[in-house]
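Down below is the structure, laid out as structure tokens.
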Amino acid sequence: QVQLVESGGGLVQAGGSLRLSCAASGRTFSSYSMGWFRQAPGKEREFVASIGWWGRTTNYADSVKGRFTISRDNAKKAVYLQMNSLTLEDTAVYYCAADASHASDVASWEVGEYDYWGQGTQVTVSS
């Protein structure tokens, strides 16, 4: 079993930056691909970014490419999402997720690929 806890969300003005963190505990985190997803009110949960076990494979949603950067520190059992140039459309609850069921460097963009989820952290962007 893997437990994931997100932190770093908050209120930020458009154009600003936030860094989200996800801390893992329990079953080893380092063998899993990790992802960030977000969900705005009335919308389905959507893919944001993902990273493979070794960190060499990363994927980004088109909407965040060039603005967000996902990274991981396996020694710290943590994954991060650096968010720059935030826009109103980035407002959502952001979730950290772990993929325990597939090859360790897949870094899937599909919600259904992930097995463990954090409880989310709110990111609100204002103008």
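Bear in mind these aren't lab numbers, they're just calculated from the coordinates by the rules spelled out. Nothing here was measured: the structure is a model prediction, and the numbers come from that model. Here the Cβ positions follow ideal geometry from the backbone for every residue, glycine too, while neighbour counts run over all protein chains shown.
Karplus-derived 3J(HN,Hα) values for the stretch 82-90, using 6.51 cos²θ - 1.76 cosθ + 1.60 with θ = phi - 60°, are 8, 10, 10, 6, 5, 10, 4, 5, 7 Hz; glycine and proline are entered as x.
For the peptides 76-88, 103-115, what is the packing order when you average, over each peptide's residues, the other Cβ atoms within 10 Å and list the highest mean first? Spell out each step's value before the answer.
On the way: 76-88: 18.0, 103-115: 16.0.
In decreasing order of mean packing, 76-88, 103-115 become 76-88, 103-115.
Spatial offset of the stretch 37-62 relative to the stretch 93-123 amounts to 8 Å, using the alpha carbon center of each. The value of relative contact order for the chain, using C-alpha pairs under 8 Å at least six residues apart, is 36 percent.
How far, in nm, would the chain grow between residue 11 and residue 57 when pulled straight, counting 0.36 nm per residue and subtracting the alpha carbon separation? Provide the component values of the computation, followed by the final result.
Details: separation 46, 0.36 × 46 = 16.56 nm, distance 3.00 nm.
Going from the current span to full extension adds 13.6 nm.
Coupling constants for the stretch 41-56 follow from the phi torsions by the Karplus curve (6.51 cos²θ - 1.76 cosθ + 1.60, θ = phi - 60°), and in residue order they are x, x, 10, 6, 5, 10, 5, 10, 7, 8, 8, x, 3, 7, x, 7 Hz; glycine and proline get x.
When you count, for each residue, the other Cβ atoms within 10 Å and take the mean per peptide, how do 31-38, 58-65, 17-24 rank with the highest first?
Numbers: 31-38: 24.8, 58-65: 15.1, 17-24: 19.2.
Put in order of decreasing packing, that is 31-38, 17-24, 58-65.
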